[in-house]
Protein chains: 2
Amino acid sequence: MLDFEMISKAARTLKGVTRVTPLLESELLNKQLGFRLLVKAECLQRTGSFKIRGAYVKIASLTDQERSSGVVAFSSGNHAQGVAAAATELGVSSTIVMPDDAPAVKLRNTAEYGAKVITYDRITGDRAKIAQDVAEQTGAVLVPPYDDYVLMSGQGTIGIEIANQLSQRNISADALVCPAGGGGLIAGVATALKELAPETVIYSAEPDHFDDTRRSLAAGERIGNDPGHSSICDSIVTQIPGEKTFPINKSILAGGFAVSESDVYLAMQALADHLKLVSEPGGAAAVAAVMRDAEHWKGKTVVAVVSGGNVDLDTFRGFLRTTA
Amino acid sequence: MLDFEMISKAARTLKGVTRVTPLLESELLNKQLGFRLLVKAECLQRTGSFKIRGAYVKIASLTDQERSSGVVAFSSGNHAQGVAAAATELGVSSTIVMPDDAPAVKLRNTAEYGAKVITYDRITGDRAKIAQDVAEQTGAVLVPPYDDYVLMSGQGTIGIEIANQLSQRNISADALVCPAGGGGLIAGVATALKELAPETVIYSAEPDHFDDTRRSLAAGERIGNDPGHSSICDSIVTQIPGEKTFPINKSILAGGFAVSESDVYLAMQALADHLKLVSEPGGAAAVAAVMRDAEHWKGKTVVAVVSGGNVDLDTFRGFLRTTA
């Protein structure tokens, strides 16, 4: 299971390794929105997303023997970079299985962080199978993207930081909204905030057609997404909530939001214009969710996690131009 | 005069008012450059630039009687926003004289921060005269953009933060490079670092044709720029170093660098790609200066101040596309 003590322990492991990312706000954006929006800028984290937190804690928890065989992971990008950087820093070799159509910046960076990268065709390949083969051939330990309690404890350190940052500024947050892919980040953050800021109501944010967490929370059971859709939010596109993440999210979250591509463009533009942040589409989903329904949050204080900023600059340029 | 005690006092005044902006770095960018680049991200400061620091300290230092008459300032944008936001927060009315061709985001934001904005034609108008008229008619106190010791003490708090952030991470910086317009920011930062990190050699960064600080440092006396040039670095375009800032900079700085527009584009791209920061051209000048001559800094640890991020998104998009 995941509990607050595990997250506290993870925070001690990460001290001096990961950054305490700032909790930012813009007076002018708040004025425009009619509510107070505090942005946890995990795009400023090492490797450009929160993923290094969980990866580092997970790899640090392995035995010396396990570490000596290396680690393997599959990921469209952020987890890849997080595992690669964490493994290299811990002196562990890493192999990352990535789709060949992943954003170029993520493929390039994963290799530069020191990983061996194996690409596969997203349509015809089976990334889990490829990773499994690597594990069997080399003895490498699989670092799962989200469905792992130790990994979630690392992501949950963001919740401790948010609670500390709110407390230092005497702020009580009415709500927190966090992007959800497999649900590991939000499960960790929610577990930390349940302990440290139980007054804060927590919601997930996902793109349209990939709102499996939202629908599963409403149904009370894990429901997958319909096939045949795509999304610009590559970092949080998953098929179904995790077996381990969902029970946690079901017990703590109040519900979820789904956002359109236009919502995401507007959020990325606001983050660049008002907070001077480069965010990736999936990373901006929570900001998109609260900005699209400003009236609902009127007068409230809302924290939105921006989970990453790994986007090709050409793609980012296009998103800055696009209007709803 | 300006001394370290004044800057320490300013830091106490700004506690809880301005943000301690992060000192960021990217492992991959460091690897690519061949030296360690630490970026002081003042683009993440309230109002999008460092200017609120000096403006707040200056206005807070006024007597009740002076405050009751309001303040006036002239600025192409960042000082305007800093003065407007600081004045409003201190309950003081403000009038800002701005060129009518200033970036739209800066004009709009200055008004939204609560200032009365008066625009003038950059070719035919005399902004100092207009501000002087406002001061005479209303009794408002002029908040100068750089040539003021109290104002410089506020900007110098960035130097205290940098020294603390380096010390917390056990880093000794070989050099610090900082954008220079009138020279108030770098004079404040240099005065703080001379006390707290005297081993760090300090340099200014300016755009080509507006490298008055660089040339003045080399000559040992204040030298103005030749007329007839323009620059994308709107926030640091000045004609000649300040009467009060230059003697400070002359006594501490080791020299200055001038950067081309291409250098600035590459720096803004690297800041967006690797550090997920939106910077304005003038704000990126110091990063541009160190990136353009990576070989010179090989193996060193260099701090670059990114002084602001107030750039129209359309302009920013264009800069992301432009190559050297």
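Values as computed for the structure displayed
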| item | result |
| --- | --- |
| Candidates A:Arg122, A:Arg36, A:Arg46, ranked by Gaussian network fluctuation over chain A, Cα under 10 Å, top entry | A:Arg122 |
| Potential lengthening between A:Thr119 and A:Ala218 on full extension [0.36 nm per residue; Cα-Cα distance subtracted] | 32.0 nm |
| Simple spin-label estimate for B:Ile240 and A:Arg169 in nanometres, 7 Å along Cα-Cβ | 4.3 |
| Listed residues A:Ile171, A:Ile202, A:Ile96, most fluctuating in chain A (Gaussian network, C-alpha, under 10 Å) | A:Ile171 |
| Sequence of B:Ile130, A:Ile162 when ordered by accessible area, the most exposed leading, probe 1.4 angstrom | B:Ile130, A:Ile162 |
| Inter-site label distance for B:Asp208 and B:Leu142 at 7 Å from Cα along Cβ, in nm | 3.4 |
| Mean residue ellipticity (222 nm) of chain A, computed from DSSP H runs ≥ 4 via -39,500 (n - 2.57), nearest 500 | -13000 deg cm²/dmol |
| Nearest-ten-degree value, helix A:261-275 long axis tilted from longest Cα axis of chain A | 80 |
| On Cα atoms only, tilt of A:157-168 relative to the major axis of chain A in degrees | 30 |
| Spatial separation of Cα centroids for region B:219-237 and region A:257-324, in angstrom | 38 |
| For region A:243-260, Karplus couplings with θ = phi - 60° (6.51, -1.76, 1.60), whole Hz, Gly/Pro x | 5, 8, 6, 5, x, 5, 5, 4, 7, 10, 6, 8, x, x, 10, 10, 10, 8 |
| Of A:Lys51/A:Lys250; B:Lys51/B:Lys194; A:Lys298/B:Lys51; B:Lys9/B:Lys244; A:Lys106/B:Lys31, pairs whose Cα-Cα distance is over 25 Å | A:Lys298/B:Lys51 |
| Euclidean distance between Cα centres, region A:1-31 to region A:112-150, Å | 27 |
| Cα-based equivalent ellipsoid of region B:213-324: semi-axis lengths in Å, sorted from largest, via gyration tensor | 25, 18, 12 |
| Threshold 40 Å², region B:27-58 residues less accessible with all protein chains present than alone (1.4 Å probe) | B:Glu27, B:Leu28, B:Leu44 |
| Accessible surface buried upon B-A contact (total; probe 1.4 Å; Å², nearest 100) | 2900 |
| Principal-axis tilt of helix A:4-14 within chain A, Cα atoms, nearest 10 degrees | 70 |
| Ellipsoid equivalent to chain B - semi-axes via the Cα gyration tensor, in Å | 29, 22, 19 |
| FRET E, pair B:Asp133, B:Glu66, Förster distance 22 Å, beta-carbon r, rounded to 0.05 | 0.75 |
| Average accessible surface area per residue within the protein assembly as shown, 1.4 Å rolling probe, Å² | 37 |
| Ellipsoid equivalent to region A:51-147 - semi-axes via the Cα gyration tensor, in Å | 20, 15, 11 |
| In Å², nearest 10: area of B:Glu195 left accessible to a 1.4 Å probe | 110 |
| Nearest-first distances (nm) between copies at B:Glu66, label 7 Å from Cα via Cβ | 6.4 |
| Percent carbon-and-sulfur accessible area, chain B, ignoring ligands, DNA and RNA, probe 1.4 Å | 48 |
| Calculated label separations, A:Thr124, copies of the chain, 7 Å along the beta-carbon direction, nm | 7.0 |
| Teacher prompt: A:Asp293 distances to equivalent labels in other copies, 7 Å Cα→Cβ, nm | 5.6 |
| Extension reserve of the A:Asp100-A:Asn30 stretch, reckoned as 0.36 nm per residue once the Cα distance is removed | 21.2 nm |
| Alpha-carbon Rg with Dmax, taken over region A:163-267, Å | 14.0, 46 |
| Given charges at beta-carbon only (K, R positive; D, E negative), |dipole| of the protein assembly as shown in Debye | 1060 |
| A:Asp312-B:Ser8 FRET efficiency (beta carbon distance; Förster radius 45 Å; 0.05 resolution) | 0.55 |
| Most fluctuating residue given options B:Pro241, B:Pro22, B:Pro179, as computed from a GNM of chain B linking Cα atoms under 10 Å | B:Pro22 |
| Over the protein assembly as shown - Rg/Rh using Cα atoms and the Kirkwood inverse-distance radius | 0.98 |
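The values are calculated or read from the model by the stated rules, or taken from the named source; none is laboratory data. Keep in mind that this is a model prediction, so the values were computed, not measured. Glycine gets a Cβ as well: all are built from the backbone with ideal geometry, and neighbour counts include every protein chain shown. These area figures cover heavy atoms from the full protein model, side chains too; ligands, DNA and RNA do not enter into them. Shrake-Rupley method; radii C 1.70, N 1.55, O 1.52, S 1.80 Å.
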